[in-house]
Amino acid sequence: MRTAIVTDSTSYIPKEVRDSLDIHMLPLNVIFGDASYQEEVEITAEQFFLKVREQKELPKTSQPAYGTIIEKFEQLSKEYEAVVAITLSSGISGTYQSIVSAGSMIDNLEVVAYDSEISCMVQGFYVIEAAKMAKNGAGPTEIIERLDEIKQSADAYFMVFDLDHLQRGGRLSSAQAFVGSLLQVKPILTFVDKQIVAFEKIRTEKKAMKRITDLFGEVASKGEKMKAVVIHSNREDDAKKLAQQLSETYPNVEIETSYFGPVIGTHLGEGALGLGWYVV
Ligand code: MYR
């Protein structure tokens, strides 16, 4: 069975990796006033953060247009018998639901939507594994089984410069955001049941990052083979430095860096830093 792997843009998998593994991408949009841009296609992370500094009005985001999803599936139905579409958490975006609904409209194509319950390059880990399996002839059932296995160990913690963006975008309960801004804390955030929650409230960025790397260390120090990613909002040097330190401490972990692109950057703001991983 020929199975296509689809991801939404928020996995931020570099184009050359997508191309080499035949990964198909559905872009979410970032909107400045009347102008809407498909992220990773019409606007890069770099251009986005520059634009945010220039503009008074703050951006908004939207899930991929329904027509774009239908068009993509129709195209794929000419070449493939099945699709596994791996999305960002259904608790923070309607993308998963739109894909489920669009998938049911297409004849001659089995569309299986998979909710990663997370986002960014941690979602990307799922996508890359699925794409490698699909290239070797695996079908949706086998791929989903493996993705469920990854889900058991996949985790991520991140911190933001301030909570305003998350609160304004409605992706964190206002009560949590209020406590955060009041106390000027750097809360450590994570996903629980598909939603973003404040895991712990810590006073300084340095301490928050130390706590995040300690949480990672609790898993990594067991010595199992792991993949991890340091993710940043326009602070690549800090991300690289942290990835370097962690890979020296944990040689069992393959560590890379990635970024919070325009859509996720809209909700986290500049200066966010996170760490995600799974046990291979
Ligand atoms: C939409 O408009 O449908 C997109 C909404 C995206 C919300 C993003 C919220 C922040 C996610 C942080 C992910 C961190 C992963 C390590």
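The values are calculated or read from the model by the stated rules, or taken from the named source; none is laboratory data. What you are looking at is a predicted structure, and each value in this text was computed from that prediction instead of being measured. Here Cβ is always computed from backbone atoms with ideal geometry, including for glycine, and neighbour counts include all displayed protein chains. Protein only, heavy atoms only, side chains kept; ligands, DNA and RNA dropped before computing areas. Shrake-Rupley method; radii C 1.70, N 1.55, O 1.52, S 1.80 Å.
Taking the criterion of being under 23 Å from ARG171 (Cα atoms) and either modelled with pLDDT of 95 or more or surrounded by 21 or more Cβ atoms within 10 Å (Cβ to Cβ) (or both), would at least one residue in segment 105-113 satisfy it?
yes
Scanning segment 114-133 for residues that are more than 16 Å from the ligand (Cβ to nearest atom) and under 11 Å from VAL6 (Cα atoms), we see that the one that is surrounded by the most Cβ atoms within 10 Å (Cβ to Cβ) is ALA130.
Quick grid of which residues meet (1) closer than 26 Å to HIS165 by Cβ; (2) outside the structural domain of TYR126 (by TED's automatic domain parsing); (3) in a strand (DSSP E or B):
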residue	(1), (2), (3)
LYS240	yes, yes, no
LEU246	no, yes, no
PRO251	no, yes, no
SER258	yes, yes, yes
THR266	yes, yes, no
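The residues listed here are GLU46, GLU39, GLU54; of these, the one that is crowded, with 20+ Cβ neighbours inside 10 Å and not assigned by TED's automatic domain parsing to the domain that holds MET133 is GLU39. Are any residues in segment 268-280 open to solvent by less than 30 Å² (accessible area, probe 1.4 Å) and assigned to a strand (DSSP E or B), and if so, which ones? Scanning segment 268-280 gives LEU273, GLY274, LEU275, GLY276, TRP277, TYR278. Among the residues of segment 224-239, the ones that are free of Cβ contacts under 8 Å to residues at least 40 places away in the same chain, under 17 Å from ALA156 (Cα atoms) and more than 15 Å from the ligand (Cβ to nearest atom) come to 0 in all.
Of the helices (runs of 4 or more DSSP H) lying entirely inside segment 134-206, the ones with 3 or more residues being open to solvent by less than 60 Å² (accessible area, probe 1.4 Å) and at pLDDT below 90 are found at 174-183. Only one entry of LEU76, LEU58, LEU50 meets the criterion of being away from the ligand (no atom under 13 Å from the Cβ) and not in a helix (DSSP H, G or I), and that entry is LEU58.
Of all residues assigned to segment 216-223, at least one qualifies as being outside the structural domain of THR10 (by TED's automatic domain parsing), within 16 Å of the ligand (Cβ to nearest atom) and closer than 21 Å to ILE128 by Cβ. When ILE69 is tested against (1) more than 14 Å from the ligand (Cβ to nearest atom); (2) on the phi < 0 side of the Ramachandran plot, just one condition goes unmet, and that condition is (1). The residues listed here are VAL84, VAL100; of these, the one that is among the aliphatic types (A, V, I, L, M), open to solvent by 40 Å² or more (accessible area, probe 1.4 Å) and touching a residue at least 12 places away in the same chain (Cβ under 8 Å) is VAL100. What about ALA4, is it in contact with a Phe, Trp or Tyr (Cβ under 6 Å, 6 or more places away or on another chain), touching a residue at least 40 places away in the same chain (Cβ under 8 Å) and open to solvent by 10 Å² or more (accessible area, probe 1.4 Å)? Criteria not met by ALA4.
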